[in-house]
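The values are calculated or read from the model by the stated rules, or taken from the named source; none is laboratory data. Predicted model only: the values in this text are computed from it and were never measured. Cβ placement follows ideal geometry from the backbone for every residue including glycine, while neighbour counts extend to all protein chains displayed.
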Amino acid sequence: DDLFADLKCAFLAKGRGARKQIKGLTFNHKLMLQMCLLRDEAGKTWSDTEMFLQKFCGEVPPHRIKTVIESSVRAAEKITSASDSEIAAFFQTKVVIQPPEVGPFAADIGLNAASLKDCCFSVFCSRPTNGLILELERFRVKNGLPLRVLGTWLSKLTGEDDSTHSDPALESNPNSLHALKLGQKEQELAALRRKLEDNAGKLGEKCGEVNVLHEKLQAANSSNKDLGKELEDLRHQLKSSRANDEKGHFIPDAIVCVMTLVGECEVAPERCGAVIQAVSRHVCRAHIPGTDLPSQRSALRFADCGQIIGKAHITETLLEADHWDLHTDGTSRSGKKYVSQQVTVDGQSLSTGYVPVATEDTTTLVDISMKLLEELSLLHGEKESHETFLQMLHQLSGLMSDMCNTMNAQCKKILARREKESGERFGKDLLAQFRSYHSKSESSASRYIRLTCGCLGPWGDDKSGCRDSWVVHCPSRISSFHANRFNNFFQAAASLHFHRNHIIDCLGVCLSKGNRKLESVFEDCRSDAIDHQIIALGVLYFRVTAPYWFLLGQKIHYLDFYKYVEKLHCLLSEFAQNSSPAFLPDFIPPHNEHFTVPDKDILLYLLDLSEEQRTEVKVILQELCAGLVLVTERQLADFLPEGRNHSVPE
């Protein structure tokens, strides 16, 4: 295919971007035109080209030869030809354009189609190809002809004399043909080498694919190992989903779970099994039979164990601390009184449980505190219990009780006794539909504070249906009745008097018939007698309880606490005799001189009273302060004169 390669070089030499196809020429004429252009590249003149066309292209009429030459001249600048694929397809066919003298010559020497193609190229290009020379050489050797015959044949093909084409090298050196054959073999070897390189590249790609597949296999094996581990974990979880082992003993996880439910979550022991079963079924997707869960008796036993473990931990914590405080808080359950004990150490609070008591007084609180220290000492070790007791007692910096319930209860009792002695009824007790709801143990003011905060305060009762309307009606200052138990009773009273007109207007619009709770709040709010009690409680909040509460939050040494308690006792005694100073706007509480009045607008509204209101409120406030004097003397006797904590030297 040397002819095709030479034609392609001719195309590139003339410029592939300026091709223009000449109309009116057949494919054979175009091919002959390319032959002429190729001869022009070899240095032949156009007259020689015309002679070759007349000699070898007898099929072209004489009057068309000039046209073909002129077309070839015009196409010299902008080469026109068939495409590369058309030329390649043409030479692959059996029909080959043969000049008149080539055909008989080829038939005489028996050339094949490929050699005939080379023969045609040799005629038009005046130079034989290597393939044609080798074909002629094979034909000569096969017929036993001398070497000079080869030169004669080449002369006939190129149209020149024998002397012109005789190759002295071929005649003098017969090995030249072997050199040609060797060159052909080298070309074949180079082709094989290129093919081998291509195969090596493909082999490298295959090796890369094999490596990728190997990595995928390793990843799959690793994933299988992970799945195996997860399967083992699932089997372990399935095995541990039972609350007891094969011998019927509860596993440690189940015991710790019961301790946590009873101690931290305050779940009743009889409900622990049901709680564990519900959580495991809905959260862990594991079913634990009821027979495998702890009963009420087992839960109580585990809770006792947890309490012992917790107290042992508290003992170690107290021994490692420099100082700690003990707080007590009383509560009632089912008609029985209990006192909860709480230890505060290093910024954390630890509960020691509940103790049933008959009365909540100072002697009882001291007794249960000493018993707690003795119990903690025994848990730490019987031999060293006394030393442990003395060490914890030495580190105890303070024992505090809840005075709030006593103050609240005392005020409620005073107001209830006052109404009972007067024989009058106020607020909703005047209506016939509320006669069956009357309670002699609760005053009307206490009832009004409790119900109003429950309906209008934060986290109010949604069933009353007025919380949203109240928030829309005005910015609410009513506190929650479940907030600070020391001050919520007095603070709520101050805010209710501040919102008295707002409550009447709001309930007058949204009050629905049949809502007894809102009707009770509405009627109590309209009562002037109840409002007088509310004002007295509000003034007591700003002058006594709020300063005392903020005093507890300050950094005051425990041995200096008696100074403030003594001032508080003097203030209450003075108000019990004459409460007029409490209504002065610039009054400064002596037991907390640095106290900043919160919600000063509410205080000013409380003090803005008529003379009749002021007289009635003073009487109520004096009775309340007289009761609080008794509470202070009973609960804080150790900090008053002749008390054990009064004027203690450092």
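Pairs linking a residue in region 253-269 that is touching a residue at least 40 places away in the same chain (Cβ under 8 Å) and within 12 Å of L300 (Cβ to Cβ) to a residue that is assigned to a helix (DSSP H, G or I) and of a type in the set (A, V, I, L, M, F, W, C), with Cβ atoms under 6 Å and 6 or more positions apart or on different chains, are V258/C272; V258/A299; V258/F302; M259/F302; V262/A303. Pairing residues of region 532-544 that are without any contact (Cβ under 8 Å) to a residue 12 or more places away in the chain and more than 12 Å from F489 (Cβ to Cβ) with residues that are in a helix (DSSP H, G or I) and not small (G, A, S), at Cβ distances under 9 Å and at least 6 apart in sequence or on separate chains, gives no pairs at all.
Every condition in (1) touching a residue at least 40 places away in the same chain (Cβ under 8 Å); (2) closer than 23 Å to L261 by Cβ holds for P289 except the one numbered (1). Of everything in region 252-272 that is part of a helix (DSSP H, G or I) and among the acidic types (D, E), the residue that is modelled with the lowest pLDDT is D253.
On inspection, R285 qualifies as of a type in the set (D, E, K, R) and modelled with pLDDT under 85. Among the residues of region 584-604, the ones that are surrounded by fewer than 18 Cβ atoms within 10 Å (Cβ to Cβ) and in a helix (DSSP H, G or I) come to 3 in all.
When the residues of region 333-359 are filtered to those that are farther than 20 Å from G310 by Cα and among the polar types (S, T, N, Q), the one that is modelled with the lowest pLDDT is S334.
Among the residues of this structure, H323 counts as one that is touching a helix residue (DSSP H, G or I) at 6+ places or on another chain (Cβ under 9 Å) and surrounded by 13 or more Cβ atoms within 10 Å (Cβ to Cβ).
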